[in-house]
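The values are calculated or read from the model by the stated rules, or taken from the named source; none is laboratory data. Please read all numbers here as calculations on a predicted model, not as lab measurements. Here Cβ is always computed from backbone atoms with ideal geometry, including for glycine, and neighbour counts include all displayed protein chains.
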């Protein structure tokens, strides 16, 4: 499904265009094979069965949309937590000695730069960047060089390690969510359920065939619109609807010495999307801006 998420226009064409045409053509084909009298005779029994099928599928589809949306929001919160923990490490490093503080700040800046410039494009493919893993290890090493000589220093080291653990936890959560949230078996159930639900309407008999095909097409659009929403946000860091590294960029600019200009100049080489519409595949910007409070 990652391919469909990264090519949302194709997903829209297939799910809203092709399926609607097929759904509207179904009643016409069935009507040519079976007479109206034979179809009408089963309307009452078929109506009860369709109600059960429709309710069951609506519950599954609705819960899937809600769960995927909640996972998308959780991914946003994880990025914000990662940025907040990195900012706290910057602040805490000022309380250490000059040499150690410089190492920690440089290592934090390196981690943020590589995360924005290398890992974000990699997450569009459902992967992470090995260089960011090394940058995170270097940050742990830099924090580990701090040797406290009193109780205050011990508390300070414990606080930095706690914030660093939050960074590592948030990054691991990013990786897990970047690979998609909906299992393959759920996708199978969703699409089979859509086919059964829409196909069931083909066997109702109504005197006005045009009205029946219109209602079937409307039902198809409704169902596959929900599936399109799931596809669009199932991979939070890929596709047209994705989470951007704005929070990390702001921390890097505020504490890491990066300027707006340097981030803008780096973005075309790395494919960074910073509160604008940067086209990573084409390597061009459209209305690039940084939001700074």
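Taking (1) modelled with pLDDT under 90; (2) surrounded by fewer than 16 Cβ atoms within 10 Å (Cβ to Cβ); (3) more than 21 Å from residue 209 (Cα to Cα) in turn, residue 15 satisfies each apart from (2). Listed conditions (1) over 21 Å from residue 210 (Cα atoms); (2) modelled with pLDDT of 90 or more are all met by residue 4, apart from (2). When you go through 51, 75, 85, 80 one by one, which is the residue that is in a helix (DSSP H, G or I), more than 15 Å from the chain's Cα centre (by Cα) and closer than 22 Å to residue 237 by Cα? Being in a helix (DSSP H, G or I), more than 15 Å from the chain's Cα centre (by Cα) and closer than 22 Å to residue 237 by Cα holds for just one of 51, 75, 85, 80, which is 85. Take the conditions over 23 Å from residue 204 (Cα atoms), part of a helix (DSSP H, G or I) and in contact with a helix residue (DSSP H, G or I) (Cβ under 8 Å, 6 or more places away or on another chain) and apply them to residue 20. Does it pass? It is false that residue 20 is over 23 Å from residue 204 (Cα atoms), part of a helix (DSSP H, G or I) and in contact with a helix residue (DSSP H, G or I) (Cβ under 8 Å, 6 or more places away or on another chain).
Here is a check on your reading of the model: is residue 243 within 22 Å of the chain's Cα centre (by Cα), part of a helix (DSSP H, G or I), under 30 Å from residue 194 (Cα atoms) and modelled with pLDDT of 85 or more? Criteria not met by residue 243. Checking each residue in the stretch 62-106 for being surrounded by fewer than 20 Cβ atoms within 10 Å (Cβ to Cβ), touching a helix residue (DSSP H, G or I) at 6+ places or on another chain (Cβ under 7 Å) and over 28 Å from residue 168 (Cα atoms) picks out only 65. Those helices (runs of 4 or more DSSP H) of the stretch 114-201 in which at least 1 residues are under 30 Å from residue 42 (Cβ atoms), considering only elements entirely within it, cover 184-200.
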